[in-house]
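Below: the structure, in structure tokens.
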Amino acid sequence: MLAPSASLPAALSGLGFGLSLIVAIGAQNLYVLRQGLRREHVGAVVAVCAASDAVLIPAGVAGAGALAEAVPWLGAAMRWGGAAFLLSYGALAARRALRATGDALRPDDAGLRTGLVTVVGTAAALTWLNPHVYLDTLVLMGSVAAGHGAARWWFAVGAVLASVAWFTALGYGARLLRPVFARPVAWRVLDAGVAVVMTVIAGTLVMSAS
């Protein structure tokens, strides 16, 4: 049995490293923020993102990253598919940003809610179709965890906890910004930012796949 003196540092290391990767601005975080602001299926979105990491992080620690290296075409296919999806989502965000009225939070927003299946599908696509997620979880997480030897699974536990804590805080904490996003212009700025981020990420994926 692993001594607590080894397991606790490994878990804390996983927690810190996990947060350093997850907190960075990206497609997934921006979508969680947007759904949190709208209070629209927040629990489902948080669950999809956290559960995905709970699958991918242990897979990386177990060495699944070697599979991607052994099948070269798999990485290229994921990059092109991810780029196409991100460009499409970015185009939708750009269209929202260019609308004259914006997307302000209104008392009647309940009548404008997006369906659960659509929201969950989008959250899943932004997670599983983004090759950067695999780089973070399968490659980087796996490499760093390997340095902890027998305590690597405690590292994985810490990283998974970091994911759950971050997405929960982002999704449910977004409501604190609702007064700001009661104004249409704030939504237009956010959607413009989303469009830029999605396009840049898609561009990097295309360049790395070519």
So residue 149, is it surrounded by fewer than 19 Cβ atoms within 10 Å (Cβ to Cβ) and closer than 24 Å to residue 53 by Cα: yes
Segments classed as helices (runs of 4 or more DSSP H), wholly inside segment 131-210, with at least 1 members that are farther than 20 Å from residue 22 by Cα and under 20 Å from the mean Cα position of the chain (by Cα): 184-209
Residue satisfying all of: in segment 154-188; out of contact with any helix residue (DSSP H, G or I) (no Cβ under 7 Å at 6 or more places or on another chain) and surrounded by 15 or more Cβ atoms within 10 Å (Cβ to Cβ); nearest to residue 62 (Cα to Cα) among these: 165
The lone exception for residue 153 - which of (1) closer than 21 Å to residue 43 by Cα; (2) touching a residue at least 24 places away in the same chain (Cβ under 8 Å); (3) among the hydrophobic types (A, V, I, L, M, F, W, C) it fails: (1)
Of all residues in segment 1-51 being buried (at least 18 other Cβ atoms within 10 Å of the Cβ) and of a type in the set (Ser, Thr, Tyr), the one that is modelled with the highest pLDDT: 31
Some residue of segment 117-126 being at pLDDT below 80, touching a helix residue (DSSP H, G or I) at 6+ places or on another chain (Cβ under 8 Å) and assigned to a helix (DSSP H, G or I): no
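Would you check if residue 199 is touching a residue at least 12 places away in the same chain (Cβ under 8 Å) and not charged (D, E, K, R)?
Yes, satisfied.
The values are calculated or read from the model by the stated rules, or taken from the named source; none is laboratory data. Given the structure is predicted, the values throughout are model-derived calculations rather than measurements. No Cβ is skipped: glycine too gets one built from the backbone with ideal geometry, and neighbour counts run over all protein chains shown.
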